[in-house]
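The next block holds one structure in the form of structure tokens; read it before the comments.
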Amino acid sequence: MVHPDPQAASRPRSSLPARDIALLLWAAFLTACIGTMVFFALFDPVLLAHDDAPPRWLADRMTGYACGFFFFWILCSVASLVTAWMIDRRPAQDDL
């Protein structure tokens, strides 16, 4: 049986381990893939960049897909990391 560390509650909360960060980034990657597919099924990136003088690098459809994917990936990564940071990992203390 594993006994909780009695000093764990007094220690400051540590940062996320590398494995947790990798799992969060993988989940954010998969979510960004789905979000990109849904978003670009409804909107054409060339039409979104339609302007009087769009930048040359944005006039390509593949560039629009890549920018959209990385936007969704960053957004999902930040949301996942903030959620994981807010979770309290300290063991519950028994109130006697």
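The values are calculated or read from the model by the stated rules, or taken from the named source; none is laboratory data. Being a predicted model, the structure only gives us computed values, none of them experimental. When we count neighbours, we look across all protein chains shown, and the Cβ atoms used for this are built from the backbone with ideal geometry, even at glycine.
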*Which condition number in (1) under 24 Å from residue 83 (Cα atoms); (2) modelled with pLDDT of 90 or more is the one that residue 65 fails?*
(1)
*Quick check: is even one residue across segment 80-90 more than 22 Å from residue 21 (Cβ to Cβ) and of a type in the set (D, E, K, R)?*
no
*Taking segment 21-73, which residues are over 10 Å from the mean Cα position of the chain (by Cα), surrounded by 14 or more Cβ atoms within 10 Å (Cβ to Cβ), assigned to a helix (DSSP H, G or I) and of a type in the set (Gly, Ala, Ser)?*
35, 64, 68
